[in-house]
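The values are calculated or read from the model by the stated rules, or taken from the named source; none is laboratory data. If you're wondering where the values come from, they're calculated on a predicted model, not measured in any experiment. Don't worry about glycine lacking a Cβ; one is built from the backbone with ideal geometry, like all the others, and counts go over all protein chains shown. Just the protein is used for accessible areas: all its heavy atoms, side chains included, with ligands, DNA and RNA removed. Shrake-Rupley method; radii C 1.70, N 1.55, O 1.52, S 1.80 Å.
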Amino acid sequence: MTEERQDETSGESDVAGEIAAFLRRHELVVVTAESCTAGLIAASLAEAPGAGQVLECAFVVYALGAKRRCLGVPADVLERNNLTSEPVALAMAAGALRHSDASLAVANTGVADSTDPDIAPGTQCFAWAFRDEDGTHEFAETRVFAGDRNAVRRAAADYALARIPHYHARLASVRAGASGHG
């Protein structure tokens, strides 16, 4: 039983380690702004040795008031959009960057289970915001995950980290196109 648990833990650390290594290679430092995942994105990254080099801080903003108070999510964004929306995730990421020295914000908002007929259980909205000398570059997407509430939260945290290389590559592509070399 002990060996089995060690194997499971080392598998999780390998994924976190790969993302941490990617962040170090590209000199990215992360801040997270988490609602539904409630800190799991940051906690997953913290599993990797040397995480202190790539993780600056994490905002867990479960409540509506916390999104406004801690991240400065504008009231009109919250009024015009459902909390489970890409505009709210983008505003959370922007707020996390404003309140940190990080170069990348990863944000998540969503529902693990839902009583709203317009929002499927497991709906998760994500935002990745990169800050560099040219400004801020934002990406967002929505995914639906199956499972109970904790399975959805774990899957969302893993997905948020796993997509960092994808959006970093998209940013490089955008830059290449803007400079006329793409």
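Sequence-ordered 3J(HN,Hα) estimates for region 151-159 from the Karplus curve with 6.51, -1.76 and 1.60 and θ = phi - 60° stand at 5, 5, 4, 5, 4, 5, 5, 4, 5 Hz, glycine and proline given as x.
Tell me the accessible surface of His99 in square angstrom (1.4 angstrom probe, heavy atoms of protein chains only), to the nearest ten. Counting only protein heavy atoms, the figure is 100 Å².
The charge dipole of the chain, taken about its Cα centre with unit charges on the Cβ atoms of Lys, Arg (+1), Asp and Glu (-1) only, comes to about 500 debye.
Residues in region 64-72 carry Karplus couplings, in order, of 4, x, 5, 4, 6, 5, 7, 10, x Hz; the curve used is 6.51 cos²θ - 1.76 cosθ + 1.60 with θ = phi - 60°, and Gly or Pro positions show x. What a 1.4 Å probe finds exposed on the chain is 51% carbon and sulfur by accessible area, rounded to a whole percent. Provide the per-residue ³J(HN,Hα) series for region 86-102, in order, calculated from phi with Karplus coefficients 6.51, -1.76, 1.60 and θ = phi - 60°, each as a whole number of Hz, with x at glycine and proline positions. For region 86-102, the Karplus curve yields 5, x, 5, 4, 5, 5, 5, 4, 4, x, 5, 5, 4, 9, 8, 9, 5 Hz. Going 7 Å from the Cα of Arg175 along its beta-carbon direction, which residues of region 132-157 have the amide nitrogen within less than 11 Å of the resulting point? The answer is 132-135. Distance between the 7 Å Cα→Cβ label points at Ala66 and Arg98: 1.9 nm. Ligands, DNA and RNA aside, Arg24 has an accessible area near 90 Å² when probed at 1.4 Å. Solvent exposure of region 70-165 amounts to 44 Å² per residue of accessible area, where only protein heavy atoms count and the probe is 1.4 Å.
Within the chain, antiparallel bridges make up roughly 65 percent of the DSSP beta bridges whose residues both belong there. Ordered by solvent-accessible area of protein heavy atoms (1.4 Å probe), largest first, the residues Cys125, Cys57 come out as Cys57, Cys125.
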